[in-house]
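Report on the following structure.
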Amino acid sequence: MLYGLMQSVPLTLNMVRERVGELYPGKTVVTRFSSGFHSCTYGELLERAGRVANLLKDFGLRRGDRVATLAWNSHRHLEVYVAVPCMGAVLHTVNARLAARDVATLLDHAGDTVLFVDHSIWRTLGSDFQLPDCIRHVVVCEDEDPEGAVEAPRASNATLGRYEDLLAGYPSAFAWPSLDEKEAAGLCYTSGTTGDPKGVLYSHRSTTLHTLSCLFADGVSMRERDVCMPAVPMFHANAWGFPYAALMAGASLALPSRQTDPQSLVELIERAKVTIATAVPTVWTNFLEFIRSNQAATGKIQTLRRLPIGGAAVSRSLIDGFSEFGIEVMHCWGMTEISPLGLTNLDRSDVDAETLKATRTAQGLAVPGCSVRVVDGEGRRCPTDGRSSGELQISSPWAASAYFPGIAENVNRAQTSFVYSEGREWLRTGDVATIDSHGYVRIVDRTKDLIKSGGEWISSQELELQLMNHPAVREAAVVARADVKWQERPVACISLRSDNPEERQRFVSTMQTFLSRTFPKWQIPKEVKFWDELPKGKTGKIDKNALRDWVAGTEFDRAEI
């Protein structure tokens, strides 16, 4: 065997830190707090990251120790994003929308020793929140109320201090260590929509490769000239990798803190001259409605050009709606287990325009570095004909090969999410998909969301996408309701753009005809329930579990609709 004679440079996040310091110290981070804007340069950010690292060293933090954050998207959170993994510790971003008891459970399971928490979150955790014994230090970050009183940790011996007060006592120079690329860099937990949350432990190598993948021209295509606004929370799969990608590319950042309402986002886009932004579809649905009804807003978003959107399927109406303003929607797909980017919807030069138009709502092509396949129940590859469906599986240097053990009721059962086949490891995604002859992947549904009616499968996601194309619909979800005759029947849960009762009646009378253009009669829902706004889960996606619970416990009253 002959080995190459190349330098053995470890792929670690220190590559990102060093590149920013050498090439882009003058680029900026603008944070939009409710009280106003804060701006700093990347050079200042790196100096403060050094202070954070010295603080953590003084806390006695060791290589591999976990550091938790409960924080919104801000420059302070970004400083911790840089400092923790680059000093050899593990960054554990905790979902700030979790209930207090769930936060405590995750902190305890991860074995976190330090907690950085935004004051607004610390204040709302409530008196029932008790820190687990593993937390030895709590650092409260000033966000919305910098002068507010900070209460001591509940039932805990942990030290307590304010972020800015603590950092002021430490130098910015830090002896950043040489790290092994296989060392852990980050820890994220799945949202738990398919069971208990499961921990995904990212390595420096996987995170660095994922960061580089976001810079590919045939991908997200983050560039130095961009100003990136990750409106997806930094605790949601590391904001889909966008903060690290922006730093690596040298793109400036605009961070909205917790202000993701349309008016706040418009103001941040105008202030920072944002060119690329990302969030789940519900955020952009509200945003699109706002700019359509507010002519002044359209003049403030002239720099915005691209929206990589993931977290849920993207409808044709959303894609077409933003194109009216010259903004390109890029349909993306991923999951916590793949860091999370796996698919992006891009044009292929060898595919005709009509076919490309039809594939626009597909999740897209595998990102370079990712291999995908669709397999049947026996583990055999399905034909790539765009019709044959099976479970989507993915293999990649930034895909998980096991879960961080312990929190799932049955860890061995959790490991069945990973299989070895065709000479490589594959992650079983739980998504049902098709792949066409050009390689475009279309997610048909989640396995658990499929509806079995009369022995045949109905895709809830395909129904939802078509319902979203109805001009009166703002949000749509389809869930199963138990049926004595057919086993299950689909129920449409709808939020309309207008709350006018006549509009509801009109929608009910036209929905069957509208859907019959695409679906056979037996697949079309006959029951509709209207909501002012569909319930959302902890990551901002429509909460189908809540809808299922509601449907299972409620008899439909036809008189209501």
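The values are calculated or read from the model by the stated rules, or taken from the named source; none is laboratory data. Being a predicted model, the structure only gives us computed values, none of them experimental. Here the Cβ is made from the backbone with ideal geometry for all residues, glycine too, and neighbour counts use every protein chain on show. For accessibility, only protein heavy atoms count, side chains too; no ligands or nucleic acids. Shrake-Rupley method; radii C 1.70, N 1.55, O 1.52, S 1.80 Å.
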Notebook entry, point to check: If we only count helices (runs of 4 or more DSSP H) wholly inside segment 446-561, which ones have 2 or more residues that are within 18 Å of Ser315 (Cα to Cα)?
Noted result: 460-468, 501-516
Check: Is there any pair with a first residue in segment 1-18 that is more than 14 Å from Met87 (Cα to Cα) and a second that is at pLDDT 95 or above and open to solvent by 100 Å² or more (accessible area, probe 1.4 Å) whose Cβ atoms are under 9 Å apart and which are 6 or more apart or on different chains, and what are they?
Finding: Pro10/Ser178; Pro10/Lys182
Check: So which residues in segment 310-337 are in a helix (DSSP H, G or I), polar (S, T, N, Q) and closer than 30 Å to Leu427 by Cβ?
Finding: Thr336
Note to self: It is to be established whether one or more residues within segment 535-553 are in contact with a Leu (Cβ under 7 Å, 6 or more places away or on another chain), at pLDDT 85 or above and open to solvent by 40 Å² or more (accessible area, probe 1.4 Å).
What the structure shows: yes
Margin query: Can you confirm whether Ala100 is small (Gly, Ala, Ser), more than 26 Å from Ser252 (Cβ to Cβ) and touching a helix residue (DSSP H, G or I) at 6+ places or on another chain (Cβ under 7 Å)?
Written below: no
Next item on the list: Name every residue in segment 347-379 that is assigned to a loop (DSSP other than H, G, I, E, B), more than 23 Å from the chain's Cα centre (by Cα) and either closer than 25 Å to Pro397 by Cα or not small (Gly, Ala, Ser) (or both), in order of residue number.
Entry: Asp347, Arg348, Asp350, Val351, Asp352, Asp376, Glu378, Gly379
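On the basis of being touching a residue at least 60 places away in the same chain (Cβ under 8 Å), surrounded by fewer than 17 Cβ atoms within 10 Å (Cβ to Cβ), among the hydroxyl-bearing types (Ser, Thr, Tyr) and over 29 Å from Thr190 (Cβ atoms), does Thr355 make the cut?
It is true that Thr355 is touching a residue at least 60 places away in the same chain (Cβ under 8 Å), surrounded by fewer than 17 Cβ atoms within 10 Å (Cβ to Cβ), among the hydroxyl-bearing types (Ser, Thr, Tyr) and over 29 Å from Thr190 (Cβ atoms).
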Note to self: For Glu183, only one of the following conditions fails: (1) more than 27 Å from His210 (Cα to Cα); (2) at pLDDT 95 or above; (3) open to solvent by 20 Å² or more (accessible area, probe 1.4 Å). What is its number?
What the structure shows: (1)
Margin query: So, Asp128, is that one open to solvent by 20 Å² or more (accessible area, probe 1.4 Å), assigned to a loop (DSSP other than H, G, I, E, B) and modelled with pLDDT of 95 or more or not?
Written below: no
Margin query: When you scan segment 90-107, do you find a residue that is at pLDDT 95 or above, under 21 Å from Asp133 (Cα atoms) and either open to solvent by 30 Å² or more (accessible area, probe 1.4 Å) or small (Gly, Ala, Ser) (or both), even just one?
Written below: no
Note to self: Which pairs turn up if I take residues in segment 490-508 that are over 20 Å from Asn286 (Cα atoms) and look for partners that are modelled with pLDDT under 85 and in a strand (DSSP E or B) with beta carbon separation below 9 Å, at least 6 apart in sequence or on another chain?
What the structure shows: Pro490/Ser453
Check: Out of segment 250-263, which residues are on the phi < 0 side of the Ramachandran plot and either open to solvent by 10 Å² or more (accessible area, probe 1.4 Å) or in a loop (DSSP other than H, G, I, E, B) (or both)?
Finding: Ala251, Ser252, Pro256, Arg258, Gln259, Thr260, Asp261, Pro262, Gln263
Next item on the list: Please state which one of Val478, Val484, Val491 is open to solvent by 30 Å² or more (accessible area, probe 1.4 Å) and over 22 Å from Asp385 (Cα atoms).
Entry: Val484
Check: What about Val80, is it part of a helix (DSSP H, G or I), open to solvent by less than 10 Å² (accessible area, probe 1.4 Å) and either farther than 15 Å from Pro177 by Cβ or of a type in the set (Gly, Ala, Ser) (or both)?
Finding: yes
